[in-house]
Each structure stands twice: as C-alpha cells, then as structure tokens.
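Here's the structure, in structure tokens; my notes come after.
Every number here is computed from the coordinates shown, using simple stated rules; none is lab data. Just so you know, these numbers come straight off a predicted model, no measurement behind them. A quick note on method: Cβ atoms are made from the backbone with ideal geometry, for glycine too, and the neighbour counts reach across all protein chains shown.
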Amino acid sequence: MTQTLILPHIERLAPYPMGERPPEGIRTIKLNQNESPYPPSPLVLKALRSIGEEELSRYPDAVNGGLRAVLAERFGVNAERIFCGNGSSEIISLIMKVFVGAQRRVALPDPTFALYATAAAVHQAECIAVPTDSDYAISIDGLLNSGADAVVLVNPNAPTGRTLPPAEVERLVSRFPGLVIIDEAYIDFAPEGTSALPLLGRYENVLLLRTFSKCYALAGARVGYCFGAEPLIAALEKSKDSFNVNAVSAKLAAAALQDREYAKRTAAAVCRTRDWFASGLQALGFRVVPSHTNFVLAEPPSGPGAPTARELYGKLLERGIYVRYFDHPRLADKLRISIGTDEELAVCMAALSELVG
Ligand SMILES: *Cc1c(COP(=O)(O)O)cnc(C)c1O
C-alpha cells in the first residue's frame, strides 16, 4: 500500500552502500570511510571555541560569502566562480539535478565513487558505465565516445586510488562537448601538479569538486565546494536549499583552510604511512593498486585455503578493525583500507599477517 505512494524510480533504488559505523563505547579501528586519522588543525578548534550565541540563533549567510572569500583568496579564483555545499555529497546531488536530470545522460568510469550513480538514479538521470582497464586505468577515449551529455572524472579515483595525468584530463575537457565534472576529493594526497585547477580559467565546461572531509579532517562538519564558470555556479546557487552550509561549519572550514602548514604536514604523514603500509601488504603477498589517496585497494593472496577478500573483511571486523569490502564485480576480490595512524595500521597489518600467513 505505502509502496504506491513512492515514485517508482525511488522505490527501485538500492540504498547507497555506506561504510559501517562502529558501535559507540567500544574500541575499534576505523579504516572504512577515508577520514583523517588526525584531529583538525588547532586553528579549527580555536574557531569552534569562539562560536558565539548569534551564530547559533541567527540564520547563516545564505550565499556562504565568508567561506567563498577565503577560498577565493587561497586559490586565486573569483568568488563568483565558487559554490559551497553541505559536503561535496550535496554538490554531487545538485549537479545531477541541475545539469543532467531525466532528460540527459551521464558517463561514469566503472568503478568509481558510488554516490554518483545513486545521485543520478535519484534524479532519473541515465548512467553510461565506461569500464576501466584491468589495472583500473580510466579510458578517456571511452568517456569521449560515450555519447553522454556529461562525464564524471574522480581524480585521483575512488575506490581505486589511481590518478590520470593532467594532460589526459585536459584532453577530455578540451574535446568533450558537454559538462566535465572533476572530483578532487583526494587531491591533497596526490603529487603536486595533478590538480585540474589551472584548466578552470581556460574551459567553461568544467566543475571541479573539493571537500573538507578528507585531508582537512572535517568529515563531521560537512563542507564541500566546487569551482566552475559563473553561469554554472549561478545555476547551482539558484537550485540549492536556502541555508545549505551552517554557520558553525562554514567558520571551521575557513579556519582549516588558513592553516596550510598543518594540512601539508598531516597529508605528508598520511602519504608516508600509506607507502609503508602498501609495501608491508606486498610483503604479505597482497597485490596493491598504486595509490595517490589516503586509502589503498589491495587484493589478498590467493591459493588453497587462503581466505577470500570478503572473509578477511569479516575476520577483521570480528577484531574490531573496520575496512571496506565492495560487492561489485570489479572489486569483489579486494579490500579498501583507509590510511590510519601508524599505530592503527600496525595492528591491522599484524591481524592480516596472522589471517593470510
Ligand atoms: C569522500 C568523497 C566525497 C564526499 O565528500 P563529502 O564532502 O564528505 O560529502 C566526494 N567525492 C569523493 C570521490 C569522495 O571520496
């Protein structure tokens, strides 16, 4: 009975597969949502303590002027070309609503960040999956030849960790006639010069997404942003909920951005730990996809009696270690493990060594 109250495309929708949330009050090691293992910058905590009564009792700035100004200054981009959202998740959903919808088609590399397909389905947009090669390299020609109206490029990609060189990204942007959505959630963990930001001034068909959830350690605050040509940003602005970023989170994000040194230092620490962890996994016989992110995708050694990736996931969970298993044809033989602290990953490594050894 209630079923008929719900629109058919929503009724058919599979819920977005989210990393589990460990129960509260017990000690666990959480390596399943690519959060920062470090606290936010001391400047963020100071900003949090300075929140006044009015910031709670009054409505926030509907156009997020303060945060846009800080972003504009930091990245040398006009504030009219910046949009802020309640996490980049909100921006992904808005993009599907504003630029794709039921009338148009969007091409997605497969695999990529699963929220794109979910957001497309919610807005009745048709997805065209463009398979990556056996090493998960994204096919620019595949995206160009997809016939879609919009394409998504997560770079570095999730959940593979692989990165496309800037020249390849530019080849896509310059030849694709429609909208190119570039998601740089993990850009702070990639080599210098990877970002597509320099393309922004030269192409009008790009939206470049970023988030405070990963490197800036603000996943709980929910702030993301995107850069794009003025008409695209204006279209997003018209279509969003009135007060999409709350006053507290906007202030914390601005403070996080000011502490460049801290962001650099924690990102470098994550990269060092990642490279150490990846070699350790390889020494245990895992095949590790080269990563420019704060996670690794790894295939456990096979052989008679060896546990499958899914079994390993379950056995780690029993020990309070939360990693990610994807029930997806291209990922089912692998685990995605977020980069925690050295201590957390030493515990994870010891457990894996025991389980596959
Ligand atoms: C984590 C992630 C996001 C979501 O970020 P929020 O700002 O927390 O919504 C967006 N894109 C990719 C590729 C991500 O991995």
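For the stretch 46-51, putting each phi into the Karplus relation 6.51 cos²θ - 1.76 cosθ + 1.60 with θ = phi - 60° gives couplings of 5, 4, 4, 5, 8, 5 Hz, in residue order, rounded to whole numbers and with x for Gly and Pro. Net charge near P131, counting Lys/Arg +1 and Asp/Glu -1 over other residues with Cβ under 13 Å of its Cβ? Local net charge: -3. Near A129, the amide H atoms lying under 5 Å from its own belong to L108; only residues 5 or more places off or on other chains count, and H is placed 1.01 Å from N. For the peptides 162-170, 13-21, 144-152, the ranking by packing is 144-152, 162-170, 13-21, with the highest mean count of neighbouring Cβ atoms within 10 Å listed first. Ranked by the mean number of other Cβ atoms within 10 Å per residue, highest first, peptides 348-355, 211-218 order as 211-218, 348-355.
Looking at the chain as a GNM with Cα springs under 10 Å, which of D110, D188, D135 has the largest mean-square fluctuation? Between D110, D188, D135, it is D135 that shows the largest mean-square fluctuation.
Distances between every pair of Cα atoms in the chain, grouped in 10 Å steps from 0 to the bin holding the largest one, split as 5, 23, 32, 26, 12, 1, 0 percent. Straight-line cross-link reach from K46 at under 14 Å between alpha-carbon atoms covers these aspartates and glutamates, not counting any fewer than eight positions away in the same chain: D259.
Evaluate E = 1/(1 + (r/R0)^6) for A69 and E354, where r is the Cβ-Cβ distance and R0 equals 41 Å; express this FRET efficiency to the nearest 0.05. After rounding to 0.05, the efficiency reads 0.20.
Summary of the geometry: the stretch 1-63 and the stretch 151-192, compared by the centres of their Cα atoms, lie 25 Å apart. Computed 3J(HN,Hα) for the stretch 206-216, one whole-Hz value per residue from the Karplus formula 6.51 cos²θ - 1.76 cosθ + 1.60 where θ = phi - 60°, is 10, 10, 10, 9, 9, 9, 8, 6, 9, 4, 8, glycine and proline marked x. Just list whichever of K97/K264; K30/K214; K264/K334; K214/K315 have alpha carbons separated by over 25 Å in the model shown. Checking Cα-Cα distances, K97/K264; K264/K334; K214/K315 exceed 25 Å. E20 to D333: FRET efficiency via 1/(1 + (r/R0)^6), r the Cβ-Cβ distance, R0 25 Å, to the nearest 0.05? Here the calculated transfer efficiency is 0.75.
When the Gaussian network model of the chain links Cα atoms closer than 10 Å, the mean-square fluctuations of F75, F99, F286 top out at F75.
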